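Report on the following structure.
What follows draws every value from the coordinates through simple rules; no lab data is involved. All values reported here derive from a predicted model rather than from experimental measurement. Backbone-built Cβ (ideal geometry, glycine too); neighbour counts: all protein chains shown.
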Amino acid sequence: MASIRVENVEKTFGRFKALNGVSLEVRDQEFVVLLGPSGCGKTTLLRIIAGLEQADKGRVWIGDRDVTLLPPRARRIAMVFQNYAVFPHLTVYENIAFGLRMQKVSPEKLKANVERAAALMHIENLLGRYPAQLSGGQRQRVAVARALAVEPEVLLMDEPLSNLDALLRLEMRAELKRLLAESRTTTLYVTHDQVEAMSLADRIAVMNAGAIVQYDTPMRVYQEPASVFVGGFIGSPPMNFLRLRVEGQRVRLGSLDLEPPAEVGAEVLLGVRPEDLEVYPAEQPQSFAAQVLVVEPLGPHLLLTLNFAGQAFKATVPPDFPAAAGQTLWLRPQPSRLRWLEPGSGRAFATG
Amino acid sequence: MNLRRLYMVLAVLLVVWVLLPIFLIATLAFSDRPSVFAWPKGLLPQQFSLETISFFFGVEGVWRAIRNSLAVAAMTLVFSVLLGAPAGYALARYRFAGADAYRLLILMTRAFPLAILAIPLAVRFIQLGIYDTLLGVALVHTALALPFAVLVTSSLFLSIPKELEEAAWTLGCNRLQAFLRVVLPLALPGLAATAIFAFVISWNEVFAATLLTLRERTLPAFLLTSLNDSPLPFRFAGGFFLIVPALVFIFVIRRYLFTLWGIASR
Amino acid sequence: MRTERYLPYALIAPSVLFLLFFFAWPLLEALLLSVRGGGGGWTLENFQRMAADLYFKDALKYTLLLALVVVPLQVVLALGMAMLLGGLSRGRDLFLYVWTIPLGISDLAAGIVWLAIFTERGYLNSLLQALGLIEQPQLWLSYETPWMIFLAVVAAEVWRATAIVFVILVAGLQLIPKEYSEAAEVFGATPWQRFWRVTLPLLKPSLQVALILRTILALEVFAVVVALGGRNLPVLAGEAYYWYNAYQNPGVAAAYAVVVLGISVLATLVYLRLMRPRQEEAA
Ligand SMILES: Nc1ncnc2c1ncn2[C@@H]1O[C@H](COP(=O)(O)OP(=O)(O)OP(=O)(O)O)[C@@H](O)[C@H]1O
Ligand SMILES: [Mg+2]
């Protein structure tokens with residue numbers, strides 16, 4: 001097992017800059033998720049680490065080896081592909097054994113490794129089958145088993161669950177978490193599903209437009225987004241951003257009197273998650289009033305869209321909360337969950 | 001429903017149209033001499049006999065022509081796959097400057113009647129000392145089959161996901177190993193179809209084979225040059241024998257026929 | 001990893017060299033051969049001899065006529081077969097296989113097969129006799145009845161090579177998403193309208209390929225004609241063969257080859273121009 005270090009990697013396809021000086025460090029035995037919208041360069045970064053793609057600039061380290069110029073086979077990595085890439089002409093057993101055969105390990109070790117990987121993924125009974133006789137979920141297990149069997153220093157996964165249906169995805173997610181917690185393999189995992197990222201990761205690297213915009217633990221990425229982009233991308237519904245005037249180093253929001261960070265200008269963005277707004281049907285101290293625009297019952301809670309001074313935002317309330325469109329409600333944010341951001345750049349101010 | 005029946009009738013009529021002539025020549029090939037010359041003829045053979053067919057094989061030079069045909073077709077098969085498959089692989093897997101120009105070159109060969117080019121080649125082959133050799137004929141036949149081999153194999157490799165190869169690389173294969181262990185086994189049936197196609201092209205080709213040989217005749221060349229002074233039974237048996245392998249080959253590759261041509265006509 | 005960049009070139013290089021030597025260069029050589037005299041100087045002598053030859057006019061006429069008659073027949077017939085195939089409810093695979101059998105049959109073999117039908121004591125005469133139309137065997141394939149030979153060649157060519165057009169068209173049809181035709185159906189188009197307004201326009205690329213391929217092959221028609229009529233129905237490729245083989249004159253043979261090449265290129269250009277995809281279809 002080993003760490004991964006990516007330094008200042010750049011990649012251009014034709015005239016399109018896919019990676020814009022990306023640096024990233026994954027510690028030994030850590031599970032890091034690369035999260036970002038479609039087309040932001042996640043796959044490209046992963047493929048550069050795997051050696052399937054050549055960076056234009058920058059270096060890649062695995063452990064203390066500089067692998068920038070090494071072909072994939074010499075990097076001691078294993079990769080799980082989005083469409084699994086399970087070899088259709090080989091049995092499940094031979095698929096899992098493939099990497100071991102390339103390493104020319106002894107027959108005993110080969111058998112032992114294959115069986116252990118198969119047992120980990122609960123596919124011992126499928127070893128004699130061909131991929132065409134497997135379901136999508138089973139193929140996915142084979143792909144992971146094949147990667148684990150070679151005992152890689154680093155495991156790379158590109159949206160390994162995205163081709164599964166929702167239910168199976170949930171099940172496999174939990175299983176992957178158990179499995180990788182057990183094997184403690186350094187893992188870099190690509191997804192654009194934020195729930196997957198939150199549930200699996202030790203740390204999440206949020207990417208946007210070819211750059212990493214925040215790299216932190218899931219809870220911190222969620223609660224303290226580094227920018228409007230991160231707050232808006234993570235969380236469903238996303239974080240609310242209210243644009244407010246700053247008067248004499250104070251911001252007034254209804255009967256609320258807030259103190260923004262010292263370095264603000266004339267205006268400031270206040271970020272608050274919908275679930276961090278307490279909602280009351282009658283006026284409260286330390287709250288602001290807003291009109292209900294839309295009420296959406298979502299099962300576990302109601303999602304309200306409200307209007308405050310011409311700005312729409314969302315809040316969630318318990319399902320039995322009496323709310324109707326047109327009604328005026330009072331909202332009180334939890335003071336510790338507020339986030340101040342700079343309206344121009346969208347970047348968050350450092351919290352004190 | 002009547003329309004369905006009409007369709008069926010038409011379809012069966014087309015089957016008769018295709019098969020009847022083959023049936024007739026087969027009938028003639030397996031009749032005795034008098035029935036070949038009989039008049040008027042019935043649809044069914046009057047008498048099954050191996051006389052005609054054994055007469056054909058008894059003619060001096062026939063066996064040698066068959067052997068030559070097989071050898072030339074086999075060489076064509078090998079050459080076109082060996083030259084065509086790598087190019088098809090390159091077209092399928094790499095974007096490189098010149099790929100379009102290369103495609104154009106391949107498609108250009110379609111706008112020219114290639115067999116006709118045997119005429120200038122004959123002159124050159126005499127100087128090179130490969131006139132009237134099987135190798136010379138096979139080279140020209142390869143020129144006929146190669147564009148096909150390139151286009152077909154390129155689509156074949158395109159249909160094998162690149163990720164399979166990449167997965168093999170990450171599992172410790174170098175390029176060659178990944179190709180041999182992953183791509184080749186998957187491409188094999190399609191490559192076999194391509195090879196058979198090349199074989200049939202060569203087996204059937206007559207113009208270049210006739211021009212480029214004097215003694216080392218292939219079977220079509222032998223038949224063609226002896227048409228005028230050979231009796232009908234000989235021609236019929238020869239014609240029938242020419243058809244047989246082709247029938248078998250088309251049957252074997254029928255599953256690929258459409259992918260073959262579908263892609264070749266892109 | 002840097003060698004990567006040269007790999008594709010290494011892979012195509014053998015076939016490029018091969019095609020240069022056996023395609024591009026003979027093309028040039030044919031031209032040179034046709035305009036070189038015995039002494040080595042430039043001359044039009046070969047073309048003059050060719051044009052002055054008794055057979056030349058007929059060969060040109062019959063070759064062009066054959067292409068003009070055979071190719072449209074094949075395309076229409078193949079199109080019909082392809083549509084018919086779509087209308088069949090059962091046995092599609094079987095019909096598909098049987099209809100494509102001629103694909104494997106050589107022109108020489110096809111000529112011989114139809115010789116068995118058109119020859120003096122052949123099946124055609126037997127049929128006519130059975131129908132009471134003739135008493136004695138008729139001689140169809142003699143120099144006195146070139147049109148009958150022409151007909152026999154057309155019959156053999158249509159029988160043999162419609163399959164290629166058919167396969168190309170079916171392959172093309174498979175690439176057209178069903179939704180287009182279904183959408184047209186929803187909007188009330190009759191089957192006939194759907195064929196003309198949706199299927200046929202979308203099939204244009206395949207039709208173009210089929211037309212070019214078949215026309216080129218029709219222009220070098222040779223063995224079928226020789227098998228059925230010897231030199232009684234002269235064609236260009238046949239004349240090239242006789243001049244090379246019987247008269248030992250590569251120069252005139254090359255002149256014939258150049259004529260065939262010229263017509264072929266011309267035909268291809270005409271097809272490409274006539275069937276150019278319109279701008280909005282290029283997407
Ligand atoms: N081979 C290539 N040639 C040209 N452009 C490419 C190539 N590969 C990727 N790109 C471009 O680079 C950008 C990043 O692609 P990448 O596949 O890394 O995105 P991603 O973050 O993995 O997206 P997704 O979540 O959709 O998989 C995209 O805009 C894509 O169009
Ligand atoms: Mg991706």
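Each label was represented as a point 7 Å from its Cα along the Cα-to-Cβ direction; for residue C:204 and residue A:245 these points are 6.3 nm apart. Between the alpha-carbon centres of the range C:84-157 and the range A:211-232 there is a gap of 78 Å. When each of the peptides A:179-190, C:81-92 is scored by how many other beta carbons lie within 10 Å of its residues on average, the order from highest to lowest is A:179-190, C:81-92.
Ordering A:277, A:251, A:318 by the projection of their Cα atoms onto the charge dipole of the range A:238-341, which places +1 on the Cβ of Lys and Arg and -1 on the Cβ of Asp and Glu, puts A:251 at the extreme positive end.
Other chains' Cβ within 10 Å of B:34-44 residues: what's the mean? Per residue, the number of nearby Cβ atoms from other chains is 4 on average.
Please sort by residue number the chymotrypsin sites (Phe, Trp or Tyr not before Pro) in the range C:206-257 whose DSSP state is loop and whose Cβ has at most 15 other Cβ atoms within 10 Å. Numbers along the way, then the final one.
On the way: sites: C:222, C:241, C:242, C:243, C:244, C:247, C:256; in loops: C:222, C:247.
Counting only loop positions with at most 15 other Cβ atoms within 10 Å, the chymotrypsin sites (Phe, Trp or Tyr not before Pro) in the range C:206-257 are C:247.
How large is Rg over Rh for the range C:61-234, taking Rg from the Cα atoms and Rh as the Kirkwood inverse mean of 1/r across Cα pairs?
1.07
Sequentially through the range C:210-219, phi angles give Karplus couplings (6.51, -1.76, 1.60; θ = phi - 60°) of 4, 5, 4, 4, 5, 5, 4, 5, 5, 6 Hz, Gly and Pro residues having no value and appearing as x.
If packing is taken as the average count of other Cβ atoms within 10 Å, what order do B:128-137, A:259-268 fall into, highest mean first? Walk me through the intermediate numbers first.
Values: B:128-137: 18.1, A:259-268: 13.0.
Per-residue Cβ counts within 10 Å, averaged per peptide and sorted highest first, yield B:128-137, A:259-268.
In this calculation the C-beta distance from residue C:176 to residue A:70 is compared with R0 = 56 Å, giving a FRET efficiency of 0.75. In this rough spin-label picture, where each label sits 7 Å from Cα along the Cβ direction, the residue B:175-residue C:143 distance is 6.3 nm.
A Förster radius of 51 Å, combined with the Cβ-Cβ distance separating residue A:178 from residue C:43, puts the computed FRET efficiency at roughly 0.05.
With a simple spin-label model that places each label point 7 Å from the Cα along the Cα-to-Cβ direction, the separation between residue A:255 and residue A:296 comes to 3.1 nm. With the highest mean first, a sort of the peptides C:185-192, B:152-159 on other beta-carbon atoms found within 10 angstrom per residue produces B:152-159, C:185-192. Selection among C:228, C:73, C:118 by position relative to the dipole of the range C:61-234 gives C:73 as farthest towards the positive end (Cβ unit charges, Cα centre). By the helix-only formula, in which each DSSP H run with n ≥ 4 contributes -39500 (n - 2.57) and the sum is divided by residues, the protein assembly as shown has a 222 nm mean residue ellipticity of -17000 deg cm²/dmol.
In order along the range B:16-33, phi translates into HN-Hα couplings of 4, 4, 6, 7, 4, x, 5, 4, 5, 5, 5, 4, 5, 5, 10, 10, 8, 4 Hz, rounded to whole numbers, per the Karplus curve 6.51 cos²θ - 1.76 cosθ + 1.60 with θ = phi - 60° and x for Gly and Pro. Phi angles of the range B:104-110 translate, via the Karplus equation with coefficients 6.51, -1.76, 1.60 and θ = phi - 60°, into HN-Hα couplings of 4, 4, 5, 5, 4, 4, 6 Hz per residue; Gly and Pro are given as x. Taking 21 Å as the straight-line reach from the Cα of residue C:204, the lysines in range (excluding those fewer than 8 positions away in the same chain) are C:178.
May I ask you to compute the full-extension gain from residue A:282 to residue A:1, defined as 0.36 nm times their residue separation minus their alpha-carbon distance, rounded to one decimal in nm? Write out the running numbers ahead of the final one.
Working: separation 281, 0.36 × 281 = 101.16 nm, distance 5.82 nm.
Computed gain between residue A:282 and residue A:1 is 95.3 nm.
Inter-chain Cβ neighbour count for C:247-253, averaged per residue, equals 2 (cutoff 10 Å, partner chain atoms only). Per-residue shielding of A:77-89, expressed as the average number of other chain Cβ atoms within 10 Å of the residue Cβ, stands at 5. Taking the Cα centre of the protein assembly as shown as origin and assigning +1 to Lys and Arg Cβ atoms and -1 to Asp and Glu Cβ atoms, the resulting dipole is close to 880 debye.
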